[in-house]
Amino acid sequence: MKKLIFTSLLFSLLISNVCYAQYSSQQVDSIMGDAMDKFNVAGVAVAIVKDGKIIHSKGYGVKSSVTKSPVNNHTNFAIASNSKAFTTAALAILVEEGKITWQDKVKDHIPEFKMYNPYVTENFNIQDLLTHRSGLGLGIGDLMFFPDGSSFTIDDLLSSFQYFKPVSAFRTQFDYDNLLYLVAGEVIKRVSGMSWEDFISERIFKPLNMDNSYPSLDRITDKKNLAKPHDANSGTLKVLPDFQEMINGAAGGIYSNVEDISIWMLMHLNNGKYGDNLENELFTKESQREMWKIHTVTNVNRNPRYNSHFAGYGLGWQLSDIKGNMSVSHTGGLPGMLSKTIMIPDINLGVVILTNTSDDGAGIFNSVSNTIVDSYLGLSDFGWIDKYAAYLISRKEDGDAVSKKVWERVESVADSHINYEDYMGIYKDAWFGKVEVFLKGDKLWMKSHKSPKLNGEMFFYRANTFAVKWEYQDMNADAFAMFSLNEEGKAQSIKMKGISPNIDFSFDFQDLDLIRVDTN
């Protein structure tokens, strides 16, 4: 769901011939000690499965920087977009039961589903919901549930796609998408007669004995072992509120822990089989192959260290080759919660890392997972932890410098020549709904009618552009609002975009086309 997840760093260094041994639990503890020193995170949990067994499963740091309660291997984190693979597994089960096929047209199960042109609507199938090849742009429409607390419904979601503008031809380009997974969750509901949440609980969690996993936050009755999300952008750990429910959890709603995700990985590494003697089957090997087959091609990491030749997206999984071995992985992110799962089926290896801190958590889950996987592939120590730590510092400094210049200009210019009444009024976007520009005291403000956390003061920047500082600061989401005026100087429309280059892609302000529909 969140794109601010660093999947790789490209270093053009030659591969060393020195091979390192596979890591013991004590060595993982040592790696984590180094990583916790280098990255500002509250807590982390790590598990490794190898050759059919859980060989490491442990927590580090704290669930909350306030309570200081320690993380353990059963501590629940939001796994965010790692939930997508559960959605595709649920659909695989329905395929095997003969209730759907992968090529079923979405409109045959959801008649009101309508895309941006008739051809795409008529031909959009279930796999198109899962493979990020719709023709729509990166993260389009995510503002309907980022930030959380909005009032958008499944009906709003299903009617929104007809208004989006494509950025590529249908099925020709990879652009990561969350909304279509929510549609997939609705398909599961309509076909099975069970909500997505019930289906995941009854048909996946229960048979796998993932007893401490939950399809949504509101189903966790005992939150004593729930990690709290944190932000470290200011340099100090700040506890954030839990991310509230979306329309359904099919794109990123699951809460789980490294012990249960280890069971999930072992089942996948056994091609859908599970149990003490692998006597049970969640789905067939054929379904596994379908989920682990490239459906949408993506760019290859050309780092010579890994000698990769292909990369792509399957059904809920990112796929590539590393040193001649298949890699199956995914990342996930919500405010203050990040996760990464990676499996190397050829050597029967799986690693999961869950964290409860934004930004630096991505550094820790990438650097630690890379270090562990490298060891099993016989690669030398590459210093991933130090490299990611340096990269994060540089990235933050660059982004902060851009934002700082904007706010310095805001402070240096006067807006006394601005007639606020020329800008005040109701503006409407076809899918996002109404946004209001109004006076709050003697200050100009903006607020969304359906997403109440998007409200904040507007500061004159230059010409007809204002910088909006939202009251919501759990994530870096401040934005520019650029007005178009008529010949009388009255605002007629608004275009928006994020201020910081590090803004998460789910704040897709650039996709709004706000047209003035009323005045105050």
- Task: Obtain the nm distance between the two label points defined at Glu421 and Asp381 by a simple spin-label model: each point lies 7 Å from its Cα along the Cα-to-C-beta direction.
- Result: 7.1 nm
- Query: What is the spin-label model distance, in nm, from Arg289 to Arg219 if the labels are put 7 Å beyond Cα along the C-beta direction?
  - Reply: 3.2 nm
- Item | Cα lying deepest toward the dipole's positive end in the chain, options Met265, Met32, Met210, charges on Cβ | Met32
- Nearest 0.05, what FRET efficiency do Lys434 and Ile393 give at R0 = 35 Å with Cβ-Cβ as r? 0.30
- Taking 0.36 nm per residue of separation and subtracting the Cα-Cα distance, what length does fully extending Asp442 through Asn277 add? 52.3 nm
- Query: Hey, of (1) 0.91; (2) 1.54; (3) 0.99, which did the structure itself give for Cα Rg over 2.2 N^0.38 Å when calculated?
  - Reply: (3)
- Item | Relative contact order (percent, whole number), the chain, Cα cutoff 8 Å, 6+ residue spacing | 20 percent
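With the Cα gyration tensor of the stretch 221-378 in hand, convert its eigenvalues to equivalent ellipsoid semi-axes via √(5λ) and list them largest first in whole Å.
One finds semi-axes of 28, 21, 15 Å for the stretch 221-378.
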- Please give the contour-minus-distance gain from Val413 to Ile154: 0.36 nm per residue of separation, less the Cα-Cα distance, rounded to one decimal in nm. 88.9 nm
- Query: For the pair Thr101 and Asp211, how long in nm is the line joining their label points, each one 7 Å along Cα→Cβ?
  - Reply: 4.2 nm
- Message: Kirkwood hydrodynamic radius, the stretch 414-518, all distinct C-alpha pairs: what's the number in Å?
- Response: 13.8 Å
- The relative contact order of the stretch 414-518, taking Cα pairs under 8 Å that sit 6 or more residues apart, comes to a percentage of 23 percent
- Note on the structure: For the stretch 28-134 the trypsin sites (Lys or Arg not before Pro) that pass both the DSSP coil test and the at-most-10 other-Cβ-within-10 Å test are Lys68
- Item | Order of Val406, Val46, Val468 - criterion: other Cβ atoms within 10 Å of each residue's Cβ, fewest first | Val406, Val468, Val46
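Every number in this text was worked out from the coordinates using simple rules, so none of it is lab data. The shown structure was predicted, so the numbers you read here are calculated from the model rather than taken from an experiment. When we count neighbours, we look across all protein chains shown, and the Cβ atoms used for this are built from the backbone with ideal geometry, even at glycine.
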